[in-house]
Amino acid sequence: MKPYSSLKSILAEFFPLHRTLASDDHDKTLEIVGSYMPDSSNYTIETYAPLTPVWTWKVPERYVVHEAYLETEDGERIVDFKDNPLHIVSYSLPVDKVLSFDELQPHLYFNEKRPHTVPWVFKYYERDWGFCLPKNTFDKLPRDRKYHAVIRSEFVTDSAQGFKVATAVVHPEGGPNPEAGEFLVQAHTCHPIQANDDGAGVVSTIELARRLAENPLPRGSMSIRFWFGPETIGTIAWLAHNESLIPNLRGGIFMEMTGNKNKIAWHHTRQHNHLLDQITHYQLRNIEHEERDFAAAPANDERVINGPGVNVPCISINRWPYDEYHTTDDNLDIMHENMLVGAAQIAEEIIRIYASNYIPRRTFRGPVFLSGHGLWVDWRENWALNRAIEKIMMRFEGQHTVFDIAEQVGLDYWTRARVRRKIQSERICESASHPIGGSDLVGQIANLSHPKS
Ligand SMILES: [Zn+2]
C-alpha cells in the first residue's frame with residue numbers, strides 16, 4: 001500500500017482521466033485505487049466480456065474515442081474532446097456530418113443554471129451522438145452557418161478488453177468468521193473528470209479500508225468487502241458473476257459525493273427500520289445531518305444491493321445536493337479534506353458497531369458477581385452505569401443484540417472507547433477500579449455469560 005499525504009492528493013491522480021464505463025482510463029483508475037488499498041486486502045480486478053447477459057442487462061462494450069470535435073464549416077473549432085472529455089456525450093455514436101444549426105441543435109447540451117460550465121451527459125443505452133458546451137458558447141453560435149460534427153469513436157467487443165470492477169476484503173482480528181458474513185462498502189469510479197461524484201466517495205472508502213486494516217474489528221466480526229466500479233451496471237455485472245456471495249452479505253453502505261462542504265446525508269435501507277438504520281441514526285444523533293428514505297435522490301447502487309432478489313440492507317451516505325453536480329465545476333476546488341475524512345469516519349463508526357454486533361446468551365444463574373470478575377463500576381465515578389448493570393443482566397435471554405441492550409439501558413456506545421483513551425493518555429494501567437461504560441460493559445458481561453471458543 002502506497003502511503004498518502006491526503007485523500008485529495010489521491011483524487012487528484014485519477015480526477016482528470018476519461019473514466020467512462022469500460023475504458024482505458026477507467027482501467028487506470030482501478031489500478032491507482034488498488035495501489036492505495038491495504039496490502040492484506042487482496043485487491044482484485046475482475047473483467048467481464050462485453051455483451052455478456054447479466055440478469056436483465058448486458059455488459060457494456062469498451063468505449064474508445066480517437067478524435068472528436070465540432071467546428072464551423074470553415075474550420076473554426078468550437079469544442080474539442082482533447083481539451084475536455086466532457087465535450088462529448090459519453091458513449092456517443094460515431095459521426096462525421098455537415099449540418100445546419102437546426103439539424104445540429106438537438107445534439108447540443110448545456111447547463112442553463114451554470115452557463116459557464118460544460119455539463120456531463122451520458123447515453124450508455126439509448127445511443128445517439130452529442131456535444132456538451134457552456135451555455136455562453138451555445139448562445140454565441142451563428143444560427144446561419146453550417147457545422148461539421150466529427151466523433152471517431154469505437155465500441156470494442158473483444159472479451160480480453162472487457163468491463164472491469166474491483167473488490168478487496170479486510171478481515172477482523174484473527175481472520176474471517178463465515179458465520180458473521182460480510183459487509184459491503186461501495187463507491188463508483190465512472191464519472192469522467194469529476195471530483196465529488198464520485199471520486200470523493202472512492203477516496204473516503206480508501207481511507208475507511210486503511211482504518212479497518214490498521215485497527216481491525218474484534219475477533220468474530222463481519223469481514224468488510226470494498227467494491228469499486230461503474231455505478232449500477234458495475235454492481236449488476238459483478239453480482240451476476242458472483243451470486244454465491246449474496247447470501248453472505250449482511251449489510252452495505254454506498255458512499256458518494258463526500259467531499260463538498262455540506263452536511264452529511266444518509267438514506268435509509270429499503271427495510272427502513274433495520275438494525276443498520278437504527279445504528280446509523282444513533283451514530284449521527286449529535287451531528288447535523290439530513291435523513292432521507294431509501295432510494296431518494298440521488299439513488300444509486302443501493303437499488304441493486306437492496307433491490308429485488310438481492311435485498312441486502314444498504315444505506316447510502318453523501319453530501320448531496322450541490323450546484324456543481326454533473327458539470328465541469330465539480331472539480332478539485334470544491335473538495336475539502338476534512339469532509340472526505342469526516343465521511344470515512346462516520347462510515348467507520350457505523351461499521352464498528354454493526355459488524356461486531358451479536359446476540360449474547362446467558363449461561364449464568366443469579367446476579368453476576370461483578371467485582372469477582374473485574375466488572376464492578378464505582379457509583380461515585382459513574383452513577384448511571386452502576387445503575388444500568390442490573391438492567392443489563394436481565395437482557396441476555398437471546399432476544400437482544402449488544403447494541404440493542406446499550407440502547408435500552410441508555411448507555412453511550414462509545415463511552416468505553418473514550419475512557420480507554422483517557423487512561424492511555426494518563427499512562428496508568430487500566431484496572432477494575434476505573435469506570436467502564438457503554439456497550440463494552442454489556443459485551444464483557446455477555447462474554448462472561450457466553451464464552452466464545
Ligand atoms: Zn452522478
Check your understanding: So what's the angle, to the nearest 10 degrees on a 0 to 90 scale, between helix 415-425 and the longest Cα principal axis of the chain?
Key -> 80
Exercise for review: Starting from the Cα of Lys263, step 7 Å along the direction of its Cβ; do the same at His116; then give the gap between the two resulting points in nm.
Suggested key: 3.0
Review point. Can you give the Rg to Rh ratio for segment 255-332, taking only C-alpha atoms and Rh from Kirkwood?
Key: 1.00
**Study point:** For segment 154-204, Kirkwood radius (reciprocal of mean inverse C-alpha pair distance, Å)
**Key:** 14.3
Revision key, fill the gap. Under the 7 Å Cα-to-Cβ spin-label approximation, Ser5 and Asp378 lie apart by a distance in nanometres of 4.8
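Which GluC sites (Glu not before Pro) in segment 237-293 sit in a loop by DSSP (not H, G, I, E or B) and have at most 13 other Cβ atoms within 10 Å of their own Cβ?
Counting only loop positions with at most 13 other Cβ atoms within 10 Å, the GluC sites (Glu not before Pro) in segment 237-293 are Glu288.
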Check your understanding: Hey, got the dipole for the chain? About the Cα centre, +1 on K and R Cβ, -1 on D and E Cβ, debye to the nearest 20?
Key -> 1840
Review point. Mind listing which trypsin sites (Lys or Arg not before Pro) in segment 185-245 are in a DSSP loop and have 15 or fewer other Cβ atoms within 10 Å?
Key: Arg219
**Study point:** Bins of 5 Å from zero: percent of alpha-carbon pairs in segment 108-178
**Key:** 3, 11, 12, 14, 13, 10, 8, 7, 7, 5, 5, 2, 2, 1, 0
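How much length is gained on full extension from Gln278 to Phe138, taking 0.36 nm per residue of separation minus their Cα-Cα distance?
Working: separation 140, 0.36 × 140 = 50.40 nm, distance 4.92 nm.
Extra length from Gln278 to Phe138 when fully extended: 45.5 nm.
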Exercise for review: Starting from one equal scatterer on each C-alpha and no solvent at all, send me the Debye-based log10 I(q)/I(0) for the chain at q = 0.07, 0.13, 0.14 Å⁻¹, two decimals.
Suggested key: -0.43, -1.15, -1.29
Review point. Suppose every K and R has +1 on its Cβ and every D and E has -1 on its Cβ; what is the size of the dipole of segment 62-156 about the Cα centre, in Debye to the nearest 20?
Key: 320
Exercise for review: Go through Lys8/Lys263; Lys135/Lys263; Lys2/Lys261 and tell me which ones have a Cα-Cα distance over 21 Å in this structure.
Suggested key: Lys135/Lys263; Lys2/Lys261
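By how many nm would the segment from Asp25 to Asp102 lengthen if fully extended, with 0.36 nm per residue of separation less the alpha-carbon distance? Write out the running numbers ahead of the final one.
Numbers: separation 77, 0.36 × 77 = 27.72 nm, distance 3.42 nm.
Between Asp25 and Asp102, full extension yields 24.3 nm more.
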Point to revise | For segment 62-156: span of alpha carbons on each principal axis (Å, largest first) | key: 37, 30, 24
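Tally Lys and Arg at +1 and Asp and Glu at -1 over the other residues with C-beta under 13 Å from the C-beta of Asn311: what net charge comes out? Don't jump to the answer; show the numbers that get you there.
Numbers: positive: Arg250, Arg270, Arg303; negative: Glu302.
That works out to +2.
How fast does segment 282-426 diffuse by Stokes-Einstein, in µm²/s, taking the Kirkwood radius from C-alpha pairs at 37 °C and 0.692 mPa s?
Details: Rh = 19.3 Å.
Diffusion coefficient, whole number: 170 µm²/s.
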Check your understanding: Of the beta bridges DSSP finds with both residues in the chain, what % are antiparallel, to the nearest 5?
Key -> 60
Review point. Which stretch or stretches of segment 138-153 have amide N atoms under 15 Å from the point lying 7 Å from Arg77's Cα along the Cα→Cβ direction?
Key: 148-152
Review point. To the nearest 0.05, what FRET efficiency results for Glu179 and Asp128 with a Förster distance of 30 Å applied to their C-beta separation?
Key: 0.05
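Just subtract the alpha-carbon distance of Ser159 and Arg365 from 0.36 nm times their residue separation and send over the number in nm, one decimal. Let's see the in-between values first.
Values: separation 206, 0.36 × 206 = 74.16 nm, distance 6.37 nm.
This chain segment gains 67.8 nm when fully extended.
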Point to revise | For segment 206-215, Karplus couplings with θ = phi - 60° (6.51, -1.76, 1.60), whole Hz, Gly/Pro x | key: 4, 4, 4, 4, 4, 4, 6, 7, 6, 10
Exercise for review: Report the FRET efficiency, 1/(1 + (r/R0)^6), for Arg145 and Asn215, where r is their Cβ-Cβ distance and R0 is 51 Å, rounded to 0.05.
Suggested key: 0.20
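Which trypsin sites (Lys or Arg not before Pro) does segment 282-313 hold that lie in a coil by DSSP with at most 15 other beta carbons within 10 Å? Each step should come with its number before you reach the end.
Working: sites: Arg285, Arg292, Arg303; in loops: Arg285.
Qualifying residues, ordered by number: Arg285.
Mind ranking Glu103, Glu67 by accessible surface for me, highest first, 1.4 Å probe?
Working: Glu103 100, Glu67 75 Å².
The ranking, largest first, comes out as Glu103, Glu67.
The values are calculated or read from the model by the stated rules, or taken from the named source; none is laboratory data. As the structure is a prediction and not an experimental result, all values here were calculated from the model. With ideal geometry, Cβ positions are generated from the backbone for all residues, glycine too; neighbour counts draw on all protein chains shown. The accessibility values were calculated without ligands, DNA or RNA, using every heavy atom of the protein model including side chains. Shrake-Rupley method; radii C 1.70, N 1.55, O 1.52, S 1.80 Å.
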